Amino acid sequence: MAANGSTDVPEISVEWYRDIVDAAASSPEPVQWFVGHATEGVILLLGALLLMAALARRSGGPHDRALALIAPLPALLAYVGSEWFKTVVDEDRPCRMVGRAIIAGTCPPPGDWSFPSNHATVAGALAVTTLLLSRRLGLVALPLAALGAFSRVFVGVHYPHDVIAGVLFGALVAVVATPLLARPAAEVLRRRSERADRPSPKLASRTRR
């Protein structure tokens, strides 16, 4: 294990980081440009896919509408959870600990901890939530999330285990939180729909006459 801030980093993760960042530094400039922009752009694309999946569910029954309503929440919960983990683990960024050139431009400041990756966590949560709402769109979102997670190592700001843990944590939150949040929301929508379909007392009395 390699010492890193208040925690230890697996040696294999350090070795993978060195190999990936060295390959990134020697890659053609168009590749560096693409991956450097993909590291942020993938999150926007995943958000757009989730929105499309949610909109497609809005025309369904109460459960479908509930899924559309709570769709952004798992990613938000996953992000909050990843921020909490960062304060517990206190793992310093590899761009400060490992002597390698990075293509991210600047290394995040001290105190902006590395484990787990926020980007990877949100990407995993968005992709899995999209899959739960729409299999077709989810199969597009999953490889995008993998690309977004890998890009964080490629640009030099995360170890491989940071992004792997982030994706898995985000996916777990999505799998657990999506049905838990959708169930009470569906019940509320179902009751509102029943009240809307029920005739008013005045209308019912006029009908009996």
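The values are calculated or read from the model by the stated rules, or taken from the named source; none is laboratory data. All figures in this text were calculated on a predicted structure; none of them were measured in a lab. All accessible areas refer to the heavy atoms of the entire protein, side chains included, with ligands and DNA or RNA removed. Shrake-Rupley method; radii C 1.70, N 1.55, O 1.52, S 1.80 Å.
Some observations on this one:
- Between helix 73-89 and the chain: long-axis angle, C-alpha atoms, 0 to 90°, nearest 10: 30
- Scaling the Cα radius of gyration of segment 1-118 by the globular reference 2.2 N^0.38 Å produces a ratio of 1.38.
- For the chain: relative contact order, % (alpha-carbon pairs under 8 angstrom, 6 or more apart): 28
- Carbon and sulfur %, accessible surface of the chain computed with the full protein complex present, 1.4 Å: 64
- Convex hull volume of the Cα atoms of the chain, normalised per residue: 131 Å³.
- Accessible area in square angstrom per residue, segment 1-151, 1.4 angstrom probe: 50
- Quarter the surface of the alpha carbon convex hull of segment 34-78 and you get the mean projected area, 3.4 square nanometres.
- In order through segment 165-171: 3J(HN,Hα) via Karplus (6.51 cos²θ - 1.76 cosθ + 1.60), integer Hz, x for Gly, Pro: 4, x, 4, 5, 5, x, 5
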